[in-house]
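The values are calculated or read from the model by the stated rules, or taken from the named source; none is laboratory data. None of these values were measured; they are calculated from a predicted model. Every residue, glycine as well, gets a Cβ built from its backbone with ideal geometry; the counts of neighbours run over all protein chains shown. The protein model used for the area step is the full one, side chains on, heavy atoms only, and it has no ligands, DNA or RNA in it. Shrake-Rupley method; radii C 1.70, N 1.55, O 1.52, S 1.80 Å.
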Amino acid sequence: MEIETAVRSRLPLVVIVINNNGIYFGLDAAEYERLEAQGTLPTTALLPDIRYELVAQACGARGLLATTPEELGKAVDSAMEHDGVTLINCLIRPGGYQKLDFAWMAK
């Protein structure tokens with residue numbers, strides 16, 4: 001895993017995981033459970049609110065959790081002062097089945 005390699009290499013690295021419970025768009029816990037029970041869980045769904053900061057800690061990195069903009073700001077400040085690897089798991093609201101819309105798509 002890349003985090004373990006960075007820790008072993010003693011890199012001053014900050015990783016921010018923007019965690020929406022999925023790839024592209026995620027599902028909230030209730031929607032995840034409903035679709036899992038129906039057997040129709042999309043392959044892009046990830047477990048709700050997975051604790052990536054704890055995975056980083058298991059690899060020897062510093063792991064921080066942010067659930068608000070204020071917590072994210074404090075976590076980034078703290079990470080920038082740390083001389084090593086810090087992973088910030090930033091939980092955001094899942095997008096559900098919204099249509100993805102990026103600026104490059106309008107060109």
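Numbers below:
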{"read-out": "Probe 1.4 Å, accessible area per residue of the chain, Å²", "value": "68 Å²"}
{"read-out": "Around GLY84: net Lys/Arg minus Asp/Glu count, Cβ-Cβ under 10 Å", "value": "+1"}
{"read-out": "All-pairs Cα distance distribution in the chain, expressed in whole percent, bin size 10 Å", "value": "15, 35, 30, 18, 2"}
{"read-out": "Estimated [θ] at 222 nm from DSSP helical runs (n ≥ 4, -39500 (n - 2.57)) normalised by residues in the chain, nearest 500", "value": "-10000 deg cm²/dmol"}
{"read-out": "Highest-MSF residue in the chain out of ALA61, ALA29, ALA45 [GNM, Cα springs under 10 Å]", "value": "ALA29"}
{"read-out": "DSSP-defined antiparallel bridges as percent of all bridges, the chain, nearest 5", "value": "10 percent"}
{"read-out": "Relative contact order, percent, the chain [alpha-carbon distance under 8 Å, six or more residues apart]", "value": "39 percent"}
{"read-out": "Label-point separation in nm, ILE16 to ASP83, each point 7 Å along Cα→Cβ", "value": "2.5 nm"}
{"read-out": "Loop chymotrypsin sites (Phe, Trp or Tyr not before Pro), segment 1-93, which have at most 14 other Cβ atoms in a 10 Å radius of their Cβ (DSSP)", "value": "TYR24"}
{"read-out": "Label-point separation in nm, GLU2 to THR40, each point 7 Å along Cα→Cβ", "value": "3.4 nm"}
